[in-house]
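Notes follow once the structure below has been shown.
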Amino acid sequence: MLEIKNLHVKLEEEDKVILRGVDLAVKAGEVHAIMGPNGSGKSTLSYVLAGREGYEVTEGSATLEGAELLEMEPEERAAAGLFLAFQYPVEIPGVGNMTFLRTAVNAQRKARGEEELSAGDFLKVVREKAKALKIDSDMLKRPVNVGFSGGEKKRNEILQMAMLEPKMCILDETDSGLDVDAMKLVSDGVNALRDAGRAFLVITHYQRLLDHIKPDVVHIMAAGRIVKTGGPELALEVEHNGYADILAEVK
Amino acid sequence: MAQAQVKSDALAARIAGLTLDEKGWLGRARREALARLTSMGLPVRRDEYWRYTDPSSLTVPAPIPAATFDAGDEAPLFDGIERVKLVFVDGVFDAAQSDAPELAGVEIHRLTEAGATDLHWARDLYGVLEARGQVPVVRPLAALGSAFATDGILIRVTGKAAKPVALIYHHQSETSDAILHHCVKLEEGAELTLLESGPAAARFTKVVEVDVAEGARFHHIRAQGRDHERRANTHIFARVGAGALFKSFTLTANGRLTRNEAVIELVGDEAVAHVAGAAVGDGDFHHDDTVFVTHAAERCESRQVFKKVLKNGAVGVFQGKILVKPGAQKTDGYQISQSLLLDEDSQFLAKPELEIYADDVKCSHGSTSGAIDETALFYLQSRGVPKKIATSLLVLAFLAEAIAEVEDEAIAEDIRQRLENWLSRHEG
């Protein structure tokens with residue numbers, strides 16, 4: 001599904017190298033987690049994959065089902081099946097959440113040569129999916145993320161994911177700012193989307209999210225590289241001992 | 001002294017070719033306006049009130065020619081709306097293209113025929129609000145409009161008008177120089193929506209005086225026409241009585257020079273006045289919104305919402321003032337002026353002012369200029385929305401607060417659609 005090879009990235013504006021040769025392969029149906037200390041490059045990796053400006057790829061590649069992501073516009077990556085759940089979902093005053101969702105869904109359908117959803121069909125689907133995430137009609141009517149609590153913003157990200165039905169989902173610290181109940185709600189939303197044709201890359205600081213979204217593979221990232229890869233037990237090790245032991249061992 | 005001479009010489013040159021219609025009560029009002037005008041002279045760039053907008057093309061004796069414009073297949077705004085149409089061509093009323101001026105609860109007179117009739121209500125309004133609006137800042141071009149208007153409409157509303165009155169301004173001659181003056185009097189509890197659309201002329205000088213009596217409601221929606229080369233200086237003077245509502249929204253797309261002045265006085269308790277504008281310009285475009293709202297009674301509410309989208313060196317100006325007079329307690333005043341600069345060549349000049357002489361009031365004002373929010377743009381793109389559509393969504397979102405001042409949802413939607421069309425014509 002997603003294959004990252006020897007990815008090197010620096011900031012465009014300054015000469016600061018962030019990723020120093022990331023290698024990662026995620027197969028369809030799998031859930032991978034990336035953990036790592038602050039500043040290790042986890043969020044940068046997610047932004048670079050989604051196509052945010054301000055980064056320069058100096059070496060390497062990232063493909064989604066064989067297609068080179070790094071040469072596509074952000075909207076093309078989305079239409080190809082990539083989705084990034086933001087760590088800090090953006091507030092867009094003046095754009096209704098519903099308008100935003102319908103524009104996004106139909107833009108992707110159009111890009112893939114599919115027929116656009118009618119207003120009626122769209123409404124039916126969105127109501128059903130919103131209900132599962134406990135998103136009420138008021139939240140759907142309000143401007144995108146404006147006045148939403150931290151938990152509401154994250155639920156709104158998962159709603160977008162559910163509506164867009166991407167193949168490759170990247171969750172960037174989706175657990176940050178969530179209380180226990182909200183974490184359960186968000187995790188249930190993610191788990192409902194797990195299937196053989198879809199893969200997940202879950203970026204997190206804490207093991208607790210992985211209690212809810214059970215990963216197949218756990219990677220530890222440090223200083224712009226994947227330094228260790230293992231099973232779910234690796235996340236428990238981090239939880240108990242911190243990163244120091246692992247980093248020392250790698251060195 | 002030298003500057004006063006320049007101003008009075010400019011005035012003499014400007015009015016040399018104009019005739020003042022001396023007939024009847026209107027003649028008296030015109031002579032009084034001329035007296036005001038003579039004491040002021042014409043505005044010059046060195047006047048503080050014209051610091052950001054060069055008035056010279058508005059004051060020279062002959063207008064700078066302006067090519068007429070073909071809007072292609074875009075239907076004129078308000079086309080689908082049932083209304084009483086009153087059409088002006090280059091500033092001259094055209095009865096043949098207009099509807100019969102008949103509407104229950106509404107009296108409609110043509111200015112050129114009004115002088116001979118004793119319209120006591122118009123006599124108490126024509127030039128009266130304009131004269132009141134000359135303090136504390138002089139507005140010579142408004143006095144010029146009162147003195148030398150060659151046409152106009154006088155409307156008196158005694159009931160609830162079943163449909164809007166629409167003033168439609170066609171621009172046909174490249175050298176037309178139109179001066180119009182309209183009066184609208186809403187009696188107690190009356191309601192009217194006034195629509196205005198079209199570029200009017202190569203140069204357009206216009207005054208509208210609106211007296212909104214107790215409990216009356218007045219809605220004004222205008223679109224200034226897509227002609228690139230037209231120039232306009234418009235004034236709307238309003239007096240709003242107790243519990244009455246005045247709402248005015250202006251859409252401006254294109255135009256070499258536009259200065260829209262609104263002078264609003266809230267004279268009765270619990271009066272409400274909203275004045276708003278959305279302006280979009282690309283290239284040789286200069287748009288100036290100058291607003292003066294006076295709170296002279298208690299528990300009144302005023303809102304000024306002005307948004308501009310500027311690119312390729314377009315210039316936006318906002319001069320807005322809220323004056324709260326002594327005793328105007330519980331005033332709720334709000335003013336926002338914002339520009340979205342789509343490139344580094346465009347500029348926005350803003351002068352927001354508050355002057356408050358009452359101690360129990362709520363007044364806020366804000367003025368900003370900025371670029372498209374790149375973070376929001378990326379967020380939309382990351383959800384699959386192409387950059388062009390995402391940009392257009394964000395621009396419309398930026399303008400939304402101004403468009404929200406249009407209460408009629410069908411008209412608001414039409415305005416949004418036109419702005420979207422404008423954006424797609426002015427991409428890149």
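By the rule of a C-alpha distance below 16 Å, with chain neighbours fewer than 8 residues away ignored, the lysines paired with A:Lys27 are A:Lys5, A:Lys167, A:Lys214.
So what is the 222 nm mean residue ellipticity for the protein assembly as shown from helices alone, if each DSSP H run of at least 4 adds -39500 (n - 2.57) and you divide by all residues, rounding to the nearest 500 deg cm²/dmol?
Calculated at 222 nm, the ellipticity per residue is -8500 deg cm²/dmol.
Dividing the Cα radius of gyration of the stretch A:18-113 by its Kirkwood radius returns 0.98 for Rg/Rh. DSSP beta bridges confined to chain A are antiparallel in about 60 percent of cases. Largest GNM mean-square fluctuation across B:Arg383, B:Arg231, B:Arg303, computed for chain B with C-alpha springs under 10 Å, falls on B:Arg383.
Sorted from longest to shortest, the spans of the Cα atoms of the stretch B:173-284 along the three principal axes equal 44, 24, 19 Å.
Entry note: the stretch B:105-218 has Rg to Rh equal to 0.97, where both radii use alpha-carbon atoms and Rh is the Kirkwood radius. Summing charges over all other residues whose Cβ lies under 9 Å from the Cβ of B:Val263, with Lys and Arg as +1 and Asp and Glu as -1, gives -1. Exposure proxy for A:Asp136, A:Asp172, B:Asp408, B:Asp211: other Cβ atoms within 10 Å of each Cβ, ordered fewest to most, give A:Asp136, B:Asp408, A:Asp172, B:Asp211.
Using Cβ point charges alone (K and R +1, D and E -1), the dipole size of the stretch B:163-256 about the Cα centre works out to roughly 300 debye. Counting only lysines at least 8 places from B:Lys23 when in the same chain, those with an alpha carbon closer than 26 Å to its own are B:Lys185, B:Lys206. Per residue of peptide A:51-57, the mean number of Cβ atoms on other chains within 10 Å of the residue Cβ is 2. Peptides B:412-419, B:166-173 ranked from most to least packed, by the mean per-residue count of other Cβ atoms within 10 Å: B:166-173, B:412-419.
Per the Debye calculation on the stretch A:193-251 with a single equal scatterer at every Cα and no solvent contribution, log₁₀ I(q)/I(0) for q = 0.13, 0.14, 0.23, 0.29 Å⁻¹ amounts to -0.35, -0.40, -0.98, -1.40. Taking other C-beta atoms within 10 Å as the exposure proxy, B:Ser369, A:Ser176 rank A:Ser176, B:Ser369 from fewest upward. For peptide A:89-99, the mean count of partner chain Cβ atoms within 10 Å of a residue's Cβ comes to 5.
Note on chain B: with a GNM built from Cα contacts shorter than 10 Å, the maximum mean-square fluctuation among B:Ala390, B:Ala232, B:Ala16 falls on B:Ala16. For the stretch B:2-371, compute Rh as the Kirkwood radius over C-alpha pairs and then the Stokes-Einstein diffusion coefficient at 4 °C and 1.567 mPa s; write the answer in µm²/s, rounded to an integer. Translational diffusion coefficient: 63 µm²/s. Charges were assigned to the Cβ only: +1 to each Lys and Arg, -1 to each Asp and Glu. The resulting dipole of the stretch B:2-371 about its Cα centre is roughly 620 debye. Taking the alpha-carbon centroid of each part, what is the distance from the stretch B:263-314 to the stretch A:183-251 in angstrom? The stretch B:263-314 and the stretch A:183-251 have Cα centres separated by 55 Å.
Evaluated at 37 °C with a viscosity of 0.692 mPa s, what Stokes-Einstein diffusion coefficient in µm²/s does the stretch B:33-192 have when Rh comes from the Kirkwood expression over alpha-carbon pairs?
Estimated via Stokes-Einstein, D reaches 184 µm²/s.
Please report, in debye to the nearest 20, how large the charge dipole of the protein assembly as shown is about its Cα centre when each Lys and Arg carries +1 at its beta carbon and each Asp and Glu carries -1 there.
The calculation lands at about 700 debye.
Looking at this model, which pairs from A:Lys153/B:Lys387; A:Lys129/B:Lys163; A:Lys131/B:Lys247; B:Lys311/B:Lys351 are more than 32 angstrom apart at the alpha-carbon? With Cα atoms farther than 32 Å apart: A:Lys129/B:Lys163; A:Lys131/B:Lys247. Restricting the trypsin sites (Lys or Arg not before Pro) of the stretch B:33-131 to loop positions (DSSP other than H, G, I, E, B) with no more than 14 neighbouring Cβ atoms within 10 Å leaves B:Arg45, B:Arg46, B:Arg51. Hey, how many Å between the Cα centroid of the stretch B:71-103 and the Cα centroid of the stretch A:71-150? One Cα centre to the other: 42 Å. When the Cα atoms of the stretch B:82-124 are aligned to their principal axes, the ranges along those axes come out at 29, 26, 14 Å in descending order.
The mean number of partner chain beta-carbon atoms within 10 angstrom of a residue's beta-carbon across peptide A:69-82 is 3.
Among the chymotrypsin sites (Phe, Trp or Tyr not before Pro) in the stretch B:279-369, those located in a DSSP loop and surrounded by at most 12 other Cβ atoms within 10 Å of their own Cβ are B:Tyr357. Of all the C-alpha pairs in the protein assembly as shown, what % are more than 32 Å from each other? When every Cα pair of the protein assembly as shown is considered, 58 percent fall beyond 32 Å.
Listed values for the stretch B:300-307 are Karplus-derived 3J(HN,Hα) couplings in whole Hz (6.51 cos²θ - 1.76 cosθ + 1.60, θ = phi - 60°), namely 8, 10, 9, 10, 10, 10, 10, 10, and x replaces Gly and Pro. Legend: ranking of residues A:Thr204, B:Thr19, A:Thr103, B:Thr375 from fewest to most surrounding C-beta atoms inside 10 Å; resulting order B:Thr19, B:Thr375, A:Thr103, A:Thr204.
Quick note: the coordinates plus some simple rules give every number you see, no bench work behind them. The structure presented is a predicted model; accordingly, all values stated were derived computationally and were not measured. As a convention, Cβ positions derive from the backbone with ideal geometry for all residues, glycine included, and neighbour counts pool all protein chains shown.
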